[in-house]
Amino acid sequence: MKPAQKSTPWRWALAGAFIGLALSAVVFAPARWLASLVQQSSQGQVLLTDPRGSVWTGSARVTLTGGAGSQEAATLPGRLDWQLTPALTGAGLQLNADCCMQQAWAMRLQPRWNGLRVTLSDAQSQWPAGLLAGLGTPWNTVQPQGDLHLSTRGLELNWAAGRLLLAGAVQLDAMNLSSHLSTLRPMGSYRFSLTGGTPVTLALTTLQGSLQISGSGQWVGGQLRFNGEASAVAEHEAALSNLLNIIGRRNGARSIIKVG
């Protein structure tokens with residue numbers, strides 16, 4: 001009995017050491033672990049390059065790609081900073097891109113037994129349209145240039161039993177867009193609106209410009225269904241003809257856009 005009693009303190013010490021190592025690994029988890037998780041979950045379309053700091057507080061450069069095997073890539077100017085704060089009911093996440101955000105995005109992550117709930121504070125930001133070219137087809141063909149003004153209102157995403165439910169609204173204003181497929185610069189400015197509900201609805205309208213685009217659609221059962229059309233004002237039809245041929249099926253002077 002005596003040898004067993006003498007070994008007990010060593011067992012407690014060893015267990016304590018393992019617990020300490022495990023806690024240290026969690027507390028000081030390097031930012032590259034998060035970068036690896038983002039790359040895997042996005043199937044290689046979102047990369048956090050040059051990660052610094054930890055999983056909880058860090059920064060990285062953001063690169064968008066067309067996925068595995070794609071040669072297309074576009075990197076956001078500046079760095080993206082994050083701060084992840086665990087809590088008993090979930091976690092808080094703040095994201096701030098020094099190039100494009102006037103204030104940080106504040107998110108609340110709440111795991112549930114069959115999914116995840118994410119709420120986003122109302123926010124506004126401005127992004128370079130050229131970043132989209134990194135995603136590959138069709139953006140690498142269009143090569144858009146201009147400014148993307150993004151705003152959210154009451155946005156909430158719920159993943160439940162493999163389905164995504166969305167509440168709130170997202171508005172994206174694409175301002176002074178141009179493309180290397182047309183000599184006309186700019187071609188126009190456009191508004192894309194997404195409204196949550198069942199189903200999620202989408203609308204595309206022209207704010208101003210020689211390229212006129214409109215359409216509407218729904219997100220149903222994880223599938224996008226969208227119908228729209230594009231046309232050019234008479235004096236700029238020749239300058240926009242190549243672009244109209246690519247963004248949809250030509251029907252006379254119009255280009256018919258259909259997804260799903």
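Regarding L204, is this residue open to solvent by 30 Å² or more (accessible area, probe 1.4 Å), closer than 16 Å to P144 by Cβ and under 20 Å from the mean Cα position of the chain (by Cα)?
On the way: open to solvent by 30 Å² or more (accessible area, probe 1.4 Å): yes; closer than 16 Å to P144 by Cβ: yes; under 20 Å from the mean Cα position of the chain (by Cα): yes.
Yes: the conditions hold for L204.
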Report task. Kindly establish whether D122 is open to solvent by 60 Å² or more (accessible area, probe 1.4 Å) and either within 27 Å of G162 (Cα to Cα) or more than 17 Å from the chain's Cα centre (by Cα) (or both). Result -> yes
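Evaluate the following for T183: is it within 28 Å of S121 (Cα to Cα), free of Cβ contacts under 8 Å to residues at least 60 places away in the same chain and of a type outside the set (F, W, Y)?
Values: within 28 Å of S121 (Cα to Cα): no; free of Cβ contacts under 8 Å to residues at least 60 places away in the same chain: yes; of a type outside the set (F, W, Y): yes.
It is false that T183 is within 28 Å of S121 (Cα to Cα), free of Cβ contacts under 8 Å to residues at least 60 places away in the same chain and of a type outside the set (F, W, Y).
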Query raised in the report: Any idea which of (1) open to solvent by 40 Å² or more (accessible area, probe 1.4 Å); (2) touching a Lys or Arg at 6+ places or on another chain (Cβ under 6 Å) is the one A253 doesn't satisfy?
Result: (2)
Query raised in the report: Is it the case that V142 is surrounded by 18 or more Cβ atoms within 10 Å (Cβ to Cβ) and among the β-branched types (V, I, T)?
Result: yes
Query raised in the report: If only one of S178, S182 is part of a strand (DSSP E or B) and open to solvent by less than 30 Å² (accessible area, probe 1.4 Å), which one is it?
Result: S178
Report summary line: If you go through A97, A129, A104, A160, the only one that is out of contact with any Ser or Thr (no Cβ under 7 Å at 6 or more places or on another chain) and surrounded by fewer than 16 Cβ atoms within 10 Å (Cβ to Cβ) is A160
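The values are calculated or read from the model by the stated rules, or taken from the named source; none is laboratory data. Given the structure is predicted, the values throughout are model-derived calculations rather than measurements. Glycine also receives a Cβ, built like all others from the backbone with ideal geometry; neighbour counts cover every protein chain displayed. Note: accessible area is taken over every heavy atom of the protein model, side chains too, but ligands, DNA and RNA are not part of it. Shrake-Rupley method; radii C 1.70, N 1.55, O 1.52, S 1.80 Å.
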